[in-house]
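The values are calculated or read from the model by the stated rules, or taken from the named source; none is laboratory data. No experiment lies behind these values; they were computed from the predicted model shown. Neighbour counts run over all protein chains shown; Cβ positions are idealised from the backbone, glycine included. Note: accessible area is taken over every heavy atom of the protein model, side chains too, but ligands, DNA and RNA are not part of it. Shrake-Rupley method; radii C 1.70, N 1.55, O 1.52, S 1.80 Å.
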Amino acid sequence: MDTTSEVVSDGDKNAEQLPPLDWRSWLTLALFLAVTAFVVRPIHIPIPVPEAVRPLKWRKARISMDLKLAPWVAICVLLATTAIRIQSEVRRGFVGSDGIEPYGIVILIVSLAYICISLDQSGVLSYIAMHVTRKWGKNGRLLLLCFYALSAVMAVLTSNDVVVLCLTPIICIFSDVTGVDAEPFLISMFVSANTASMALYIGNPTNIVVAQANDISFLLYSAWMALPFLGAAIAGSVVLYLMSLHAIPRSIAVDVGINPRSMLVRPRQAIFGSAVLALCLVALSVSSFFGVAVWMVTLPFGVLMLVVDIAVDLCSTACRTEAKHTSDSSTVAEVPPEPEKLQPAFSSAVVSTLCLETADQGKCENIRTIPRLILGLQTFMKQRLPTVTAVLFRLPYNIVPFSFGMFIIVESLSELGWTPRLSWLLKRVCPSVIPAVFVVGLMTSLACNVLNNLPMTILFTRALKHPIFAQTDQQTRKGALFALIVGSNLGANLTLVGSLAGLMFQGIAAQKDRKIGYFRFMRWCLPVLPVQLAACCAILAAEMVVVK
């Protein structure tokens, strides 16, 4: 018996042996922190262009060191210094290891994004929002709660990014018409969207990272996170309501002047898109019973939505062309809005790495750098496939190079000794399930606002799967994993840099002349996050204790 104890003790000591740190470890950590800084605050590096090769009025080129480019610059530096190798860290950053499949996560995110953005493009989300505004808009405080509830429902069924894209302009229009301060409504919408994004597997890419890495099925995820989400949502609504009493009048003379029906630009595709999303959610819920990877479930639905959009676009443009040349045509097929009328700045995807500024306006003129063949294809798509073009413009392309790049860097941190140390720290501060829930929830919520939520989630997921933390009991590990999900979602409710949605929200609001700065946003959210986090973690801890 003593011999067995000695063997187990020796095994624990061997498992906790931390690899030594060398110059490669410190270089990787420094680059990781630099990348997160560039994600939060991108910088633009001007490149003077000689007059002999400078076309037209272009004065200079600039390279944006942002979330697309910064990770890959860091990876190139690591490869050039032989700190990492293509065969190991870079390869695992694409194909994955320990249950994490980066390529599957990216496919899942893009597929769901196409479905949700196509649904939004049909106008159904704007129709619902405008209908809510007209119906309950006369009572300002009731309308605040209605927008909070609407944002939560929309975020549960789609994602927080889609809610920010859809509701931010509508709230600003409502404010312009009524003269009511938009800030409480905007903050309420944003907090609600981030809170509700934890409810389902698909609500946030961070949920997908954690669930994929730990084989958490769609149904199991929903079962554990339903009550914590409700607790956090109710707590957040109460705090925001009390904070907004002085800023929102009880009654509002509302006359929006926009018929909600006019927002529904593609009724048939709205119905079809809603059906596709519903079927996709059902398929995700049953996929765990058959052992099918979730990206294999969502990809066919995304392709189906794309094919239908292409077919409808071709039919609509054909009818429009025929109607132009036929004088006795009395009706014209329903035509989707032209993509040029959309505001591509509503999406973080429409940001180019290489911008060319004009001498007089200082705006991007990238289109002049596009080869003639690509320019012709772009013109064809705008004319023949307007809806598909609009959706493709809004897809979150930035997340693809960013995700793969961060996966590679986190693999490097794990290989060079930093992830084991984080795992060792987590093991020390998480002796049982209740401390694990509260400590990991607090740590990850704060880390979101230093690292951004997606890099933070990848890093902590690796740490929680490390053999050092695996020595804790199963319930403690489970509590820490779901607390990580809580922190990755609620952490975005503290500062604008906590998530990519926060940076996008700030940009859209600024376009509508609503300047919401870093500290102003934090002043609103600082009282909300502790209450939400305490309520959510308390419910999660109770679940872990009661349900073994």
Checklist line | Charge sum, other residues only, whose C-beta stays under 15 Å from A247's C-beta, Lys/Arg counted +1 and Asp/Glu -1 | finding: +3
Checklist line | Computed over segment 55-209, Kirkwood Rh from alpha-carbon pairs, angstrom | finding: 18.6 Å
Notebook entry, point to check: Once both labels are modelled 7 Å past Cα along the beta-carbon direction, what's the T82-L245 spacing in nm?
Noted result: 6.8 nm
Next item on the list: Compute the Cα gyration tensor for segment 163-291, then decide on rounded, prolate or oblate, letting a ≥ b ≥ c be the square roots of its eigenvalues: rounded whenever a/c is under 1.5, prolate when a/b is larger than b/c in the other cases, and oblate in all that remain.
Entry: oblate
Notebook entry, point to check: So how do 77-88, 113-124 stack up, highest first, on mean other-Cβ count within 10 Å?
Noted result: 113-124, 77-88
Next item on the list: Rounded, prolate or oblate: pick one for segment 94-157, where a ≥ b ≥ c are the square roots of the eigenvalues of its C-alpha gyration tensor, a/c under 1.5 means rounded, and failing that, prolate if a/b is larger than b/c, else oblate.
Entry: oblate
Next item on the list: State, to one decimal in nm, how far the label point of M381 lies from the label point of D473, with both points 7 Å from Cα in the Cβ direction.
Entry: 5.5 nm
Next item on the list: Just subtract the alpha-carbon distance of V153 and E322 from 0.36 nm times their residue separation and send over the number in nm, one decimal.
Entry: 56.7 nm
Note to self: For the pair L227/C315, report the inter-label distance in nm, with labels modelled 7 Å from Cα in the Cβ direction.
What the structure shows: 4.8 nm
Notebook entry, point to check: Based on the Cβ-Cβ distance of V73 and F290, what FRET efficiency does E = 1/(1 + (r/R0)^6) give at R0 = 25 Å, to the nearest 0.05?
Noted result: 0.05
Check: In Å², what does the accessible area per residue of segment 72-208 work out to with a 1.4 Å probe?
Finding: 29 Å²
Checklist line | Assigned charges on the beta-carbon of Lys, Arg, Asp, Glu; segment 463-548 dipole about Cα centre (debye) | finding: 220 debye
